[in-house]
Amino acid sequence: MDNNNYDKGSMVFALDIGTRSVVGLLGSYVDKKIVIHHSAIEFHQSRAMFDGQIHDIDEVVNIAKRVKEQLEEKVGFPLKEVAIAAAGRALKTFRVEIEKELDENKIVDKHLVNSIEIEGLQKAQNQLEEMDTENTNYFCVGHTVVNYFLNDGIITNPTGHRGRKLKMDILATFLPHMVVDSLYTVMTKVGLEVSYMTLEPIAAIEVAVPQNIRLLNIAMVDIGAGTSDIAITKDGTVVAYAMTSTAGDEITEAILKTYLLDFDTAERIKCQLFEKDHHRFTDIIGMEHELATDVILDAISPSIETIAKDIAHNILQQNEKAPSAIFLIGGGSQIPRLNETVAKLLEMPKERVVVRGTEIIQNLDQDNLQVSGPEGITPVGILAKALQNKAQDFIEISVNGKTIKLFQSKKLKVSDALVLLGFNPRDLIPKRGKTITIKVNQTSKTFYGEYGLPAEIYVNRLTSNLDTPIKNGDQINVTPAKQGKDAKCTLIDVVDFNKFVVVNGVEVTLTGKITVNGETVTDNMFLNDGDVVNYKLLKTVEEICHQLNIKYGNLTIQINGKDANLFDFVKENDQVLLMEEDPMEQKIIVENKPTLVQQNRLQEARREPQQSITKKFNKEPHIESVQGLNEETKEQLKIEESKELDNETINIIYNGNPLQIPKIKEEMIFVDIFDYIDFNRYELKGKLVLQHNGTNANYIEPLKDGDEVIVKWE
């Protein structure tokens, strides 16, 4: 093929800036083939780069200019644009766990999962920057969620489930901003505009691991001089990166120390180990050596083992298991026995750990390629990526007016931009209003706040979401989520006022005394989180009378038309008739007031704690409701009821022990004692024994100082 017949507009200039050398390629697509038209290589004269990172910018500029000038001379026109790659050696991999409490009543959706994922990546980035002694700023170039945990159990996909908490185990890879910035600076000084930028491992995988096999779990190891860079593919993308600090120089130094050689001689022998069976050389003392390759390999086997162990360890650390296959590239990959040792350590068939060179690249015309074999993979990969991708891997977008640069190793989404920007992911999740939990008669009741409004995301003024794809030049605007209203709870929400009996034609609630945090309450009120409410339901006629402040006296009692006594049980909707015996006439005792049910329905309509619960209980004196009394008698009763009795007490003997009870009315009777002793006479535990001064007790018999009372179950 005549490589001088090419279209100037289709030509791509690719530059691989390595630790030892700078390689330049000029190529284009011709008949669906990658054709290398020209290539050039220049070696650094000093240590201008360490581990793939530029340290001496001016020295790298001079070497890159030489490569550029050589290619311009060959092609016959000036080069203005260039495709470059950031070294994989500069990548930092960080693993982090992020855990979040969930609302068990709400289904986990993709938006929530993405928000937690963003927070996990930001946590990894912050921890990485805190650990860095040089105060380096990083941005994420790739990540994968290793595992999801819902309620501490592993789950493949939490979306659509409910749970108490969600945890993610995230493996993320970061690139220092300074690596990208220094490359752009060098290119500017060389007089070139960066038209395309990628990562060296991504470029190498482009040609070493074709797309049609990238769904497999494959590890690619680029073994250079100072480091071995690792990239792992799975499910069609690169999911992890790693780096070891042992590589080709480890072998060179082992040969140097074993045979007392200078560095250049040891380096030459290393590079010939895979080509020659015998080697002749002279050490620094002047002694001549002629050794077989196997003899040298036996002598340096500990160094080979060290490199293999570091590679195997890092692969397992990032991948958690041996991959399906391992591809070795770079000059150091050609060290004999290295692939076999890696395979043995990972318990893999040795046939699955193979060395890849440019000869395996499909549809490549490499007649003019000066750097072939495994060390030519990365330069060709940069060229191939630049030819195949019209859009560069690094794009610029703006988020809320701030411009940021993103690495496009995959299809980028809004969520990727928010990770780099440092947007607080909690501002993406609509927060529920505060929840109130009230303990009612030892049972907890929870009232939930309202759900808030989700964050609003716009890409180029169009409504979008976290999964919306983004491209170079896009403008993203995010309005944080809004919190919902806090929960509100009043006493009526937790106390059951809807059970009632009808007493003398009036609906009376069965709800008795109510306390909030130990304090008796008579009005409806707002409750706070953690409040403790206690109340009991009235069970007997006696308790109803006590609640309504009706004197026991000589009552005639009927329940549902049948004669009853003071201690008979009542149930919901019973019709209770209370009448007081009088020589002249019977007096019906309950006044006709608005019913509790009516008041409660009004309260539910208002939902505000404004009504008095006292009125619901009908606790006011009921003298006016007693029919048939003349005004003089009524007035006398009022005077008697209003007497001051606060300081008077009665001292009795209760079950053999002294007991002092307050005298709250003019005449205390036997049944009043149950208000001051801890005894449940409604829960049957045998035969109930009630004695008053040695005889069977009469409920309405007066109680006086010195009386002996026995109350027990037999």
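In table form, for the structure just shown:
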quantity: Residues located in the range 308-328, provided they are crowded, with 21+ Cβ neighbours inside 10 Å and not in a helix (DSSP H, G or I); calculated: 323, 326, 327, 328
quantity: Any strands (runs of 3 or more DSSP E) falling wholly within the range 468-544 and containing at least 1 residues that are within 30 Å of residue 403 (Cβ to Cβ), assigned by TED's automatic domain parsing to the domain that holds residue 434 and in contact with a helix residue (DSSP H, G or I) (Cβ under 7 Å, 6 or more places away or on another chain); calculated: 475-479
quantity: Number of positions in the range 542-553 that are modelled with pLDDT under 85 and closer than 15 Å to residue 670 by Cβ; calculated: 4
quantity: When residues of the range 139-156 are limited to those that are under 20 Å from residue 240 (Cβ atoms) and at pLDDT 80 or above, the one surrounded by the most Cβ atoms within 10 Å (Cβ to Cβ); calculated: 148
quantity: Selection from the range 258-307 of residues that are assigned to a loop (DSSP other than H, G, I, E, B) and over 17 Å from residue 340 (Cα atoms); calculated: 260, 261, 262, 275, 276, 277, 283, 284, 285, 286, 287
quantity: Top-ranked residue of the range 1-40 - restricted to ones that are surrounded by fewer than 19 Cβ atoms within 10 Å (Cβ to Cβ) and part of a strand (DSSP E or B), ranked as modelled with the lowest pLDDT; calculated: 21
quantity: Selection from the range 489-501 of residues that are crowded, with 16+ Cβ neighbours inside 10 Å and touching a Ser or Thr at 6+ places or on another chain (Cβ under 9 Å); calculated: 495, 497, 500, 501
quantity: Criterion (modelled with pLDDT of 90 or more and under 30 Å from residue 538 (Cβ atoms)) met by exactly one of 440, 494; calculated: 440
quantity: Test: residue 672 is part of a helix (DSSP H, G or I) and among the acidic types (Asp, Glu); calculated: yes
quantity: Complete set of residues in the range 545-568 that are assigned to a strand (DSSP E or B) and either closer than 29 Å to residue 438 by Cβ or free of Cβ contacts under 8 Å to residues at least 24 places away in the same chain (or both); calculated: 557, 558, 559, 562, 563, 564
quantity: Residue in the range 466-473 that is buried (at least 20 other Cβ atoms within 10 Å of the Cβ) and touching a strand residue (DSSP E or B) at 6+ places or on another chain (Cβ under 9 Å) present; calculated: yes
quantity: Which listed residue, of 669, 650, 661, is closer than 22 Å to residue 551 by Cα, under 60 Å from the mean Cα position of the chain (by Cα) and modelled with pLDDT of 80 or more; calculated: 661
quantity: Subset of the range 129-147 [closer than 19 Å to residue 101 by Cα and in contact (Cβ under 8 Å) with a residue 24 or more places away in the chain]; calculated: 145
quantity: Wholly within the range 148-200, strands (runs of 3 or more DSSP E) carrying at least 2 residues that are in contact (Cβ under 8 Å) with a residue 40 or more places away in the chain; calculated: 165-176, 193-199
quantity: Residue check, residue 136 of a type in the set (Ser, Thr, Tyr), surrounded by 15 or more Cβ atoms within 10 Å (Cβ to Cβ) and part of a strand (DSSP E or B); calculated: no
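The values are calculated or read from the model by the stated rules, or taken from the named source; none is laboratory data. Everything quoted here is computed from the prediction, not taken from an experiment. No Cβ is skipped: glycine too gets one built from the backbone with ideal geometry, and neighbour counts run over all protein chains shown.
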